[in-house]
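Following: one structure in structure tokens, then a few remarks.
The values are calculated or read from the model by the stated rules, or taken from the named source; none is laboratory data. From a predicted model like this one, the values you see are computed outputs, not experimental measurements. Neighbour counts are summed over all protein chains in view; Cβ atoms, including those assigned to glycine, are modelled from backbone coordinates with ideal geometry. Keep in mind that these areas ignore ligands, DNA and RNA; they rest on the heavy atoms of the full protein, side chains included. Shrake-Rupley method; radii C 1.70, N 1.55, O 1.52, S 1.80 Å.
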Amino acid sequence: MASNAALLIGGKLVEGTARLDVVNPATGQVFTTVSCATEREARDAVAAAKQAQPGWAAAGLPARRALLLRFADEMGANAEELAALLVLEQGKPLAEAHQELAFAQAFVRHLAGLELPVEVVQDDATHRVEIHHKPLGVVAAIAAWNFPLLIAAYKIAPALLLGNTVVLKPAPTTPLASLRLGALARDIFPPGVLNVITDRNDLGAFLTAHPDVAKVSFTGSTATGKKVMESAGPRLKRVTLELGGNDGAIVLDDASVAEIAPKIFGSAFYNCGQVCLALKRLYVHASIHDELCEALAELANAAVVGNGAEPGVTIGPLQNAMQFDKAGRFLAAARRDGKILTGGAALPGDGYFVAPTIVRDLPDGNELVAEEQFAPILPVLTYHDIDEALARVNASPYGLGGSVWSSDPQRAYAVAQRLDVGTAWINQHLHFGPHIPLVGAKESGVGVEFAAEGLAEYAQMSVINIARQQGG
Ligand code: NAD
């Protein structure tokens, strides 16, 4: 593995003044180092983005769209390399890395195809009133480590399409694929339009506070999202915050266990449970609770846990040591208050592996139920009455997604409408796409990502209001 992955600043690949170790979560060992920015390079990156922005805006939307489509093509042309990097630094199985890359391209293509045309809201004898959308300026795109390329893609595409420029900062534990993306972008976009810097978890706050950053698009934890909002406050910067979730799912008494068990398992354990929209708490009607617990435990036993680079592996390691330690605490809490049906422990070795775990008989106050686990550990809870189930699911401070599972879609629909979430699914969980707005209710976020609604958040709406000349 080359040890020279460099930052992208002002169209140049820059070595930076510091180095950052990258750990392979399947081995727990450092396997390479990359360039790491300090405040100096972060300042340079914002300055380069600021300088490039007027020219990029002036280039016009068709030209910007064409380059974004080339960017998506280039990701596809380098899919093998990018997917391999994702496996090495993130830990996910190779097939999931390819899925992430395919999603990243699909998001860039779809979002690049959108536009915000001038809207005429009045045109009569007295006035013509038009709504325009202007770029905001420099966007700081701050990403989490669970989907480094997908998150980068869905922030870069709408920001650049509308004439903003971007400084992308991946999470410190997953810098490689993003730096490689930067190197590809260098040959596509004019210098300074897209800049990529890495950090030791110390430059996020610098970027959000920087006076020349007009907007922060952030994906990460709710705790850090609150800091971003505080930091944006003094200058009233625009923010989009895509934060944590603790999605509850409600299984009605008429659901077919054989049909739903594999779908529920996939929704909870994809990417080793490290998905903001994963199914994280399962509330099952008492009449089918035991049967579903057994079916899920069987699926957990059949999962192949291992290094994502090895063929046949379905669940990789957790991404980093902090997440691994957190999983250990959740397992201890589960053992203390509930019954572990399968799994329940870390796997031997130096990697961050946890056996897929199904836990039953936990009270709602247990940490594994009340907090976001971001790990392959699913609590299965029982309920008797639908009002009780809804109250328990809606009691969470999070409100990202939720789902209802039933053989009767109308019954499920009535329950889904009562979920206090940004996305309510029926007989599925985790389905998303570039045409579907992604929103978080309560403490799961501020603003919208994806679709035309998300695109609008990268623009300043401005009104032109023309008085008709008398007799004109
Ligand atoms: P995190 O919030 O600590 O980090 C996310 C990003 O923010 C990283 O790039 C980090 O370097 C940066 N950052 C750290 N401190 C900052 C600050 N003060 N100002 C600005 N940026 C700062 O989260 P994490 O540990 O990377 O991810 C785990 C958590 O993130 C989980 O709890 C999960 O729920 C959440 N998450 C949510 C989504 C989502 O789409 N809703 C996606 C991924 C992760």
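Counted over the chain, the DSSP beta bridges are approximately 45% antiparallel.
Label sites at Ala63 and Gln51, each approximated as a point 7 angstrom past Cα along Cα to Cβ, lie 1.9 nm apart.
The value for segment 181-255 of Rg(Cα) / (2.2 N^0.38 Å) is 1.56. Note down the net charge around Ser406, summing +1 for each Lys or Arg and -1 for each Asp or Glu among other residues with Cβ under 12 Å from its Cβ. Net of charged neighbours comes to -3.
When only alpha carbons of segment 101-185 are considered, Rg and Dmax amount to 17.0, 60 Å.
Look at the dipole of the chain built from charges on Cβ: of Leu277, Thr222, Ala112, the Cα furthest out on the positive end belongs to Ala112.
With the simple model of a label 7 Å out from the Cα in the direction of the Cβ, Gln428 to Asp385 spans 3.4 nm. Using R0 = 35 Å, the C-beta based FRET efficiency linking Lys226 and Glu39 works out to 0.95. Against the main long axis of the alpha-carbon atoms of the chain, helix 61-77 sits at an angle near 40°.
Here the chain exposes an accessible surface that is 55 percent carbon and sulfur, computed with a 1.4 Å probe and the other protein chains kept in place.
Could you tell me which of Pro348, Gln373, Leu299 has its Cα farthest along the dipole of segment 282-393 towards the positive end, charges placed at Cβ (Lys, Arg +1; Asp, Glu -1), taken about the Cα centre? Going by the charge dipole, the pick is Pro348. Taking the empirical scaling 2.2 N^0.38 Å for compact globular proteins as reference, segment 247-426 has a Cα radius of gyration ratio of 0.98. Counting Cα-Cα pairs of the chain in 20 Å increments starting at 0 gives whole-percent bin shares of 24, 53, 21, 2, 0.
Between Phe31 and Leu13, the contour length at 0.36 nm per residue exceeds the alpha carbon distance by 4.3 nm.
From largest to smallest, the equivalent ellipsoid semi-axes obtained for segment 217-293 from the alpha-carbon gyration tensor read 37, 12, 8 Å.
With both residues required to sit in segment 334-421, DSSP beta bridges show an antiparallel share near 50%.
Report, in degrees rounded to the nearest 10, the 0 to 90 angle that the Cα long axis of helix 289-302 makes with the longest principal axis of the chain. The angle comes out at about 70 degrees.
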